[in-house]
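Notes follow the structure.
The values are calculated or read from the model by the stated rules, or taken from the named source; none is laboratory data. None of the values given here were measured: they were computed from a predicted structure. We place every Cβ from the backbone using ideal geometry, glycine too, and count neighbours over all the protein chains shown. Note: areas computed on protein heavy atoms with side chains; ligands, DNA, RNA excluded. Shrake-Rupley method; radii C 1.70, N 1.55, O 1.52, S 1.80 Å.
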Amino acid sequence: MASNAYIIANKRAVSSHPHRQPHLPLLLLLFSLLFIGKFDLVSALNYTKYTRKVSNLRLQRIQKHLEKINKPAVITIESPDGDIIDCVHKRKQPALDHPLLKKHKIQRVAPEMPKVKTLKRDEGSGDSKRKEGEDLIWQMWHRNGTRCPKGTVPIRRSTTRDVLRAKSLFHFGKKQSTTINPTRRADAPDVVSSNGHESRSNKNWMVMDACARLQHAIAYTGTSQEVYGAKATINVWDPSIQEVNEFSLSQIWILSGSFDGSDLNSIEAGWQVSPELYGDSRPRLFTYWTSDSYQATGCYNLLCAGFVQTNSRIAIGAAISPVSQYDANQYDITILIWKDPKLGNWWMGFGDNNLVGYWPAELFTHLADHATMVEWGGEVVNSRANGKHTSTEMGSGHFAEDGFGKSSYFRNLELVDADNSLSSVHDISTLAENTNCYNIKNSYNNEWGTYFYYGGPGNNPQCP
């Protein structure tokens, strides 16, 4: 059950180690868009450049796209944060519109969960405790007590405003495409995948769109082994974002293919703050996938066909609450991504064995077999507005050395092997492009296994 998915860490113990998108008349919709103010009630982000005039033709195209992804709902739930959650019959969800999934039958047999190689720490050891009560309300839309009926899946409804914040309709719900600077990092290890491709971790990589650069603080595996999944527990914060088109996220990457070509396969999940995508600054559960280096395939969440959701209680893209506070309670989520050894689909688990859904094997080329690298950590878009490094925060907005209760963390890093066995990671490398802006420090202990603190404030006197 989802009630077992969200954990509050014990500071004292750990510190020692048919509803569719509304069909408004186009003229009325156009009129309303001219007077859109700030959509975000919890930050000072400037959305005024998104209140531009929009042609009727563009609105018609947007409406057509929204009708495609906003499927008819059995019931609709209004979240306190303004989200609309549509409970859609699972056989009507967007995933099955994908041309590669026309004959796909939703997997009804539960996947084989990874076996645990190493002994689990004692649940009563004191490093964390579960929230009291039968049902922990960890997503905002849960608060009114309404649940999606059995046989349906909750899908966050997309709006015209959501699309208008994107660079274009094509870019809506997609990560910006990236290219890699061919100059090697002097301090990076020589990591080559089993396909002979050079890893992203060996190079600086830049977002060429709008002269923005992705900044990272990550831990990653080598590529000498075949990988069939990964797991971690991540604490959730609400980092401040400087510009609407920037984001801050913390996630797991499951990777295979070429970083400097067009065949990179990636499966991703974690939490993110993205004003452009969601219209606010709340941390949200998200997923992503691509099979062609973020060029044309894949998207966030359920904003395109691909990811098949099976869970009726977890809404991908919905806000997470409560979140960690500085020098106070720390809230974290556990995410597991692994390949079902029987049917080959890549499943996502949340918390204690809650199945969220899966990425069908048909979507991928390299990942149809196995992964060659896993990354855990944070990513920020630095658009260098006004010629300065962004002040968008990563994680908690504090550097790794500040430690528990102040820095953001990933703990209990684990990998799934060819035998579908889950074991602690012991050999990882770390990378941060500019440690004066964001950094990372890893360690190991018996309770948290392999873990790391990471993050930073971005712009500061040492990060101009």
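Computed values, structure above
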{"quantity": "Prolate/oblate/rounded call for segment 242-318, Cα gyration tensor, a/c under 1.5 rounded", "calculated": "oblate"}
{"quantity": "Qualifying chymotrypsin sites (Phe, Trp or Tyr not before Pro) for segment 311-363 [loop in DSSP, other Cβ within 10 Å: at most 15]", "calculated": "326"}
{"quantity": "Flagged links, alpha-carbon separation over 27 Å, of 174/441; 71/102; 64/342; 103/150; 68/342; 339/406", "calculated": "174/441; 64/342; 68/342; 339/406"}
{"quantity": "Tail weight of P(r) past 19 Å, computed on alpha-carbon pairs of segment 273-383, percent", "calculated": "53 percent"}
{"quantity": "Accessible-area order (highest first, 1.4 angstrom probe) of the listed residues 106, 75", "calculated": "75, 106"}
{"quantity": "Area accessible to solvent at residue 430, 1.4 Å probe radius, in Å²", "calculated": "50 Å²"}
{"quantity": "Average accessible surface area per residue within segment 209-297, 1.4 Å rolling probe, Å²", "calculated": "22 Å²"}
{"quantity": "Solvent-accessible ranking of 292, 238, 86, largest area first, probe 1.4 Å", "calculated": "238, 292, 86"}
{"quantity": "Heavy atoms of residue 425: accessible area, 1.4 Å probe, square angstrom to 10", "calculated": "10 Å²"}
{"quantity": "GluC sites (Glu not before Pro) restricted to segment 220-322 and DSSP loop, no more than 14 other C-beta within 10 Å", "calculated": "226"}
{"quantity": "Heavy-atom accessible surface of segment 216-282: percent carbon and sulfur, 1.4 Å", "calculated": "34 percent"}
{"quantity": "Candidate residues 323, 74: accessible-area rank, largest first, probe 1.4 Å", "calculated": "74, 323"}
{"quantity": "Percent accessible area from carbon and sulfur atoms, segment 313-435, protein chains only, probe 1.4 Å", "calculated": "42 percent"}
{"quantity": "Sites matching trypsin sites (Lys or Arg not before Pro) across segment 135-175 that sit in DSSP coil, with at most 15 neighbouring C-beta atoms within 10 Å", "calculated": "150, 167"}
